[in-house]
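Participant: Below you'll find the structure I mean.
Taken together, the values in this text are just the output of simple stated rules run on the coordinates, not laboratory data. Remember, it's a predicted structure, so these values are computed and weren't measured experimentally. When we count neighbours, we look across all protein chains shown, and the Cβ atoms used for this are built from the backbone with ideal geometry, even at glycine.
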């Protein structure tokens, strides 16, 4: 009996350990290798990993789709990286294209560096085509001139619902956050993406409204154009429908809109509190100058958001015909020209007061800094 135990521990036990180690090594070589070595027939597998997906779920998804051979191996490899290299980076969310000839280490590296196949970009409400073009060029997607060319008159045929009399796609590229496959970032693809969003979000709004109106007061192009002016004039959401009401009232009474943003768009300038529009600029002829030309300008001046589009279709019922900006985002609304002139004087007076105050502060000499007397620390009670 004693000799049998010695035989087991001296001969069979080491062999069993070596066998287990050998088997474990073979298992690891298999699970960490690429699922296939064929580089010609296998097509990429696309996976979308949402934000906040647990690592265990990511591993199961990678295994079930054949990107890796074992989710257990994934967990072991991540633990090994953390111990050996101090690499504790998590797997990043995103959209990925995986090749089946990628070993486990490459899959992990791709997901840790956070290089998804798709890129994300945001177009804010109120941006013009020129601003979008500059943005895309700065991002390195494509030249600005290529985007402008892709949104010109020739692009109108891209959708049957686009008005035939517009000069460009200004106003019809819906402002939103987008994701697009990196390989597909071309001006045409971006235009299609944004037109699709307009068709999904904005167009049904207009179509639903026109069904209830025997004779719509605004065509599709006019709706987008007026909404773009409301977008540029509105800062506070609570005023958006009131501003829409003012412009609609003025159109009904054949009054010129006299909207500053239309002058700025036509002259390609931007007024500020310190540098408002001048009389000469307001009197400069332009097809977009609504101080000189009656009715709406020939097209939109920016990309209106959903709130501005809705405001034009359902404005606040008011009798206001005028408004003036306070330069803090709010406006003073008036019913008559006399009230409006009073509001203008009020705003001018307020701006002058602020300017004078700043000038006074600049000219006054700085007071010498005096060192504050040190307060003696209270002695501890005995």
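Participant: Along the Cα→Cβ direction, 7 angstrom out, place labels at residue 268 and residue 138. What is the inter-label distance in nm?
Facilitator: In this crude spin-label approximation the distance works out to 1.7 nm.
Participant: So if I restrict to the alpha-carbon atoms in the stretch 303-343, what is the Rg, and what is Dmax, the biggest pairwise distance, in Å?
Facilitator: 12.4, 34
Participant: Taking the number of other C-beta atoms within 10 Å as the exposure measure, put 123, 83, 45, 301 in order starting with the fewest.
Facilitator: Numbers: 123 20, 83 10, 45 16, 301 24.
Listing 123, 83, 45, 301 from fewest to most nearby Cβ atoms yields 83, 45, 123, 301.
Participant: Need the full-extension length gain, residue 349 to residue 237, defined as separation in residues times 0.36 nm minus the C-alpha distance. One decimal, nm.
Facilitator: Going from the current span to full extension adds 37.7 nm.
Participant: Determine the shape class of the stretch 25-112: with a ≥ b ≥ c the square roots of the Cα gyration tensor eigenvalues, call it rounded for a/c under 1.5, and otherwise prolate if a/b is greater than b/c, oblate otherwise.
Facilitator: oblate
Participant: While we're looking at this one, here's another question. Stretched out fully, how many nm does the piece from residue 148 to residue 161 gain, at 0.36 nm a residue minus the Cα gap? Intermediate results must be reported in sequence, preceding the final value.
Facilitator: On the way: separation 13, 0.36 × 13 = 4.68 nm, distance 2.07 nm.
Residue separation times 0.36 nm, minus the Cα-Cα distance, leaves 2.6 nm.
Participant: Now a separate question. State, as an integer percentage, the relative contact order of the stretch 240-354 based on alpha-carbon contacts under 8 Å between residues 6 or more apart.
Facilitator: Working: 135 pairs, mean separation 33.9, N = 115.
This gives 29 percent for the stretch 240-354.
Participant: Roughly speaking, what is the stretch gain from residue 120 to residue 326, that is 0.36 nm per residue apart minus the C-alpha to C-alpha distance, in nm to one decimal?
Facilitator: Between residue 120 and residue 326, full extension yields 70.6 nm more.
Participant: Classify the stretch 119-201 as rounded, prolate or oblate, taking a ≥ b ≥ c as the square roots of the eigenvalues of its Cα gyration tensor: rounded when a/c is under 1.5, otherwise prolate if a/b is larger than b/c and oblate if not. Present the calculation step by step, with values, prior to reporting the outcome.
Facilitator: Working: a/c = 1.55, a/b = 1.35, b/c = 1.15.
The shape class here is prolate.
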